[in-house]
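Remarks on the structure that follows.
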């Protein structure tokens with residue numbers, strides 16, 4: 001049974017508050033001087049992790065809808081995607097400001113020298129048009145092209161997981177876990193597309 005509009009509104013408010021908790025935690029740890037021996041690395045890791053979590057949650061909406069039949073879940077996808085972009089921007093700002101102090105020549109060298117930085121930068125660049133066109137006005141303006149554009153979510157997710165995997169030098173269990181989650185989400189979508197395609201072929205053959 002689908003929840004009513006009031007219940008969905010409360011779910012959205014709850015997600016909004018929950019999505020801000022990691023930032024509130026970072027601010028609290030910063031004010032109380034508890035960011036660890038390497039505060040910059042802690043901030044970069046935390047914001048990057050929550051950006052990836054937000055991305056995977058937004059990608060999980062459609063598979064969950066397909067498995068459960070709950071169409072109302074689609075109303076959560078935009079918010080989750082925007083929070084992904086929010087934390088990705090914080091992650092990138094921490095890299096530019098706290099890590100390199102806006103030393104642009106050094107940043108350019110670092111992007112070219114380290115594949116994981118380049119991959120992460122590409123993921124952020126590709127996510128910019130997604131965030132910019134996430135409103136209803138752009139959906140109406142772009143029409144069918146909107147859905148094609150937002151298929152960029154998948155290469156963004158692959159690049160983000162690669163960024164994390166190449167960044168980690170020792171224990172790769174966490175990025176591998178995210179990679180497996182992404183693989184599972186993509187597999188569900190592919191399975192449903194193939195099923196629908198076979199259904200269409202069967203319906204045409206029986207006419």
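Scanning the stretch 126-144 for residues that are assigned to a helix (DSSP H, G or I) and surrounded by 12 or more Cβ atoms within 10 Å (Cβ to Cβ) yields 126, 127, 128, 129, 130, 131, 138, 139, 142. Within the stretch 194-206, is there a residue that is surrounded by 10 or more Cβ atoms within 10 Å (Cβ to Cβ) and either modelled with pLDDT of 90 or more or touching a helix residue (DSSP H, G or I) at 6+ places or on another chain (Cβ under 6 Å) (or both)? No, the stretch 194-206 contains no residue that is surrounded by 10 or more Cβ atoms within 10 Å (Cβ to Cβ) and either modelled with pLDDT of 90 or more or touching a helix residue (DSSP H, G or I) at 6+ places or on another chain (Cβ under 6 Å) (or both). Might you let me know whether the stretch 64-72 holds any residue that is assigned to a loop (DSSP other than H, G, I, E, B) and within 22 Å of residue 175 (Cβ to Cβ)? The answer is no; no qualifying residue exists.
Scanning the stretch 41-81 for residues that are free of Cβ contacts under 8 Å to residues at least 60 places away in the same chain, buried (at least 19 other Cβ atoms within 10 Å of the Cβ) and under 9 Å from the mean Cα position of the chain (by Cα) yields 50, 54, 57. Checked against the criterion of being modelled with pLDDT of 90 or more, over 19 Å from the mean Cα position of the chain (by Cα) and either part of a helix (DSSP H, G or I) or on the phi > 0 side of the Ramachandran plot (or both), the stretch 82-96 contains one or more residues that satisfy it.
State whether one or more residues within the stretch 9-26 are at pLDDT below 90 and either part of a loop (DSSP other than H, G, I, E, B) or under 20 Å from residue 174 (Cα atoms) (or both). Within the stretch 9-26, none of the residues are at pLDDT below 90 and either part of a loop (DSSP other than H, G, I, E, B) or under 20 Å from residue 174 (Cα atoms) (or both).
In the stretch 102-117 there is no residue matching the filter, namely being touching a helix residue (DSSP H, G or I) at 6+ places or on another chain (Cβ under 9 Å) and under 18 Å from residue 22 (Cβ atoms).
The values are calculated or read from the model by the stated rules, or taken from the named source; none is laboratory data. Computed from a predicted structure; not experimentally measured. So basically every Cβ, Gly included, is an ideal-geometry build from the backbone, and we count neighbours across all protein chains shown.
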